[in-house]
Ligand SMILES: [Zn+2]
């Protein structure tokens with residue numbers, strides 16, 4: 001027994017010694033994230049003390065003040081804000097909707113889509129025509145669509161392992177449904193919520209009237225998945241049924257708002273900048289703990305972890321909490337504009353905007369050489385069950401960012417439950433698991449560390 005213990009002690013000592021600096025650093029990052037991080041309590045404050053942070057709202061401003069104050073406690077070299085004008089759309093009194101068959105009324109849950117106009121004060125009552133996409137709408141033409149409410153009811157495909165793919169294949173009917181239906185004389189649109197689950201939550205999200213003249217704008221709302229199934233079923237039995245919707249939203253003048261930036265100045269190459277961020281605005285229906293409170297606090301956590309471990313980055317590291325991702329992306333555009341004006345050189349940008357679930361890997365925008373470089377780090381991530389390194393979209397806020405040479409990455413957590421919450425009233429703090437959130441932060445800090453150490457090719 002004694003020999004065995006002695007052997008184990010010696011063997012462990014050997015292993016420790018054999019660990020490379022990088023293995024040790026990643027181990028420390030994950031250790032600290034799981035034992036000493038503040039991201040979960042920051043998210044608690046953002047969600048439960050401040051709440052929903054739609055662009056241009058008073059609570060969005062409280063969010064800005066809060067994250068700025070927290071960043072100021074971390075001993076960074078600079079903390080500052082960037083002014084940005086943002087749209088200010090307000091939902092107003094909660095929407096009502098029902099369908100009517102032979103004077104029998106059945107209420108269904110709807111919510112206005114972001115940017116929609118209101119119905120008139122009495123509400124809107126019209127017949128419904130169900131379609132499964134923009135192509136089908138166009139095939140029907142004016143004759144079948146004029147005067148009706150168009151009901152877009154194409155469900156998200158259930159058989160993609162990556163649920164964002166199903167979202168991408170479905171979201172056109174939410175984003176452009178109203179502008180297209182209006183061209184055929186529709187009086188309103190409702191769209192099946194972007195949700196893989198059957199439930200009673202309508203999911204909002206951005207929609208656009210495109211180039212339509214203002215007088216052609218029509219009210220547009222999302223209906224819950226259960227409501228959509230019920231309506232579809234009733235329409236099969238009675239295609240003359242009437243649908244009623246009342247919405248009270250309003251678009252106000254743009255409002256002055258801010259991106260929040262915290263910076264550790266690089267110890268060797270201060271002019272090479274690496275961004276890590278999320279977006280501070282949320283939709284108005286809930287506190288947006290998954291979208292994207294989680295991403296904000298994870299980005300903040302990366303620099304806290306570096307500080308805790310006394311790691312001095314070679315390059316400048318900037319945490320950026322972007323404003324207005326959900327409703328036009330003005331914060332991301334402003335960041336890029338200022339970066340260009342200041343002749344800044346960004347070499348790496350990392351965003352977390354896919355929820356606070358268990359991290360699985362990264363979606364990467366890079367040329368072959370730099371992508372292969374990341375693949376070369378795969379084994380370092382294996383102990384933490386991070387295995388998925390794929391080429392693909394990184395993040396909306398860092399999308400506008402350009403530099404002579406830049407690598408971009410998005411944290412990819414497990415996506416199976418993300419669309420249960422996305423843009424809905426249940427996107428709340430209690431849907432985020434503390435350990436999963438912390439593991440995501442450590443995973444981001446690890447990639448940031450590796451790019452800081454080895455640069456880009
Ligand atoms: Zn988001």
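Every number in this text was worked out from the coordinates using simple rules, so none of it is lab data. A quick note: this is a predicted structure, and the numbers were derived from the prediction, not measured. Cβ atoms come from the backbone with ideal geometry, glycine included; neighbour counts cover every protein chain shown.
With contacts defined as alpha carbon pairs under 8 Å and 6 or more residues apart, what's the relative contact order of the range 235-365 in percent?
This gives 35 percent for the range 235-365.
Using Cα-Cα distances under 8 Å and only pairs 6 or more residues apart, what relative contact order does the chain have, in percent?
Working: 1052 pairs, mean separation 97.7, N = 457.
Once normalised by length, the contact order is 21 percent.
Helix 134-145 sits at what angle to the longest principal axis of the chain, using alpha carbons and giving 0 to 90 degrees rounded to 10?
Tilt of helix 134-145: around 20 degrees.
For the range 67-132 and the range 385-438, what is the separation of their C-alpha centers, rounded to whole Å?
22
Would the range 83-226 count as rounded, prolate or oblate if I go by the C-alpha gyration tensor, calling it rounded below 1.5 in a/c and otherwise prolate when a/b exceeds b/c, oblate otherwise?
The shape class here is rounded.
When a/c is below 1.5 the answer is rounded, else prolate if a/b is larger than b/c, else oblate, so apply that to the range 163-285 with a ≥ b ≥ c taken from the square roots of the Cα gyration tensor eigenvalues.
Verdict is prolate for the range 163-285.
Provide Rg over Rh for the range 286-401; use the alpha carbon set for both Rg and the Kirkwood Rh (inverse mean inverse pair distance).
Numbers: Rg = 15.1 Å, Rh = 15.8 Å.
Result: Rg/Rh = 0.96.
Multiplying the sequence separation of residue 267 and residue 121 by 0.36 nm and subtracting their Cα-Cα distance, what value in nm do you get? Walk me through the numbers on the way to the answer.
Values: separation 146, 0.36 × 146 = 52.56 nm, distance 6.07 nm.
Between residue 267 and residue 121, full extension yields an extra 46.5 nm.
How far is the Cα center of the range 150-176 from the Cα center of the range 355-383, in Å?
Taking the Cα centre of each part, the range 150-176 and the range 355-383 sit 26 Å apart.
Compute the acute angle (0 to 90°) between the alpha-carbon long axis of helix 21-36 and the principal axis of greatest extent of the alpha-carbon atoms of the chain; round to the nearest 10°.
60
If we count other beta carbons within 10 Å of each Cβ, what is the order of 80, 30, fewest first?
80, 30
Can you tell me how much longer the chain between residue 172 and residue 341 gets when fully stretched, taken as 0.36 nm per residue apart minus their C-alpha distance, in nm with one decimal?
Gain on extension, residue 172 to residue 341, equals 57.4 nm.
For the residues 323, 300, what sequence is obtained by ranking on other C-beta atoms within 10 Å, fewest first? Walk me through the numbers before you get to the answer.
Details: 323 34, 300 27.
Ascending number of Cβ neighbours within 10 Å: 300, 323.
Under a point spin-label approximation (7 Å from Cα along Cα-to-Cβ), what is the residue 435-residue 198 distance to one decimal in nm?
Simple spin-label model gives 3.3 nm for this pair.
Between the range 278-353 and the range 211-261, what is the separation of their alpha carbon centroids in Å?
30
Compute the angle between helix 294-308 and the longest alpha-carbon principal axis of the chain, please, reported from 0 to 90 degrees and rounded to the nearest 10.
It is inclined by approximately 10 degrees.
Just to be sure I understand: of the beta bridges DSSP finds with both ends in the chain, what percent are antiparallel, rounded to 5?
55
Can you bin the range 396-457 into rounded, prolate or oblate? Criterion: square roots of the alpha carbon gyration tensor eigenvalues sorted a ≥ b ≥ c, rounded for a/c under 1.5, prolate for a/b above b/c, oblate for the rest.
oblate
Within 10 Å of each residue's Cβ, count the other Cβ atoms and sort 150, 297, 171 from fewest upward.
Numbers: 150 30, 297 33, 171 17.
Arranged by neighbour count, lowest to highest, 150, 297, 171 become 171, 150, 297.
If I model a spin label as a point 7 Å beyond the Cα along the Cα-Cβ vector, how far apart are those points for residue 146 and residue 132 in nm?
2.8
Normalised by the number of residues in the range 172-313, what is the relative contact order in percent for Cα pairs under 8 Å and 6+ residues apart? All intermediate terms of the calculation are to be shown ahead of the outcome.
Working: 133 pairs, mean separation 26.1, N = 142.
Result for the range 172-313 is 18 percent.
Using only Cα atoms, figure out Rg for the chain and give it as a multiple of 2.2 N^0.38 Å.
Ratio of Rg to 2.2 N^0.38 Å for the chain: 1.07.
How many nm separate the modelled label positions at residue 103 and residue 85, each set 7 Å beyond the Cα in the direction of the Cβ?
In this crude spin-label approximation the distance works out to 5.4 nm.
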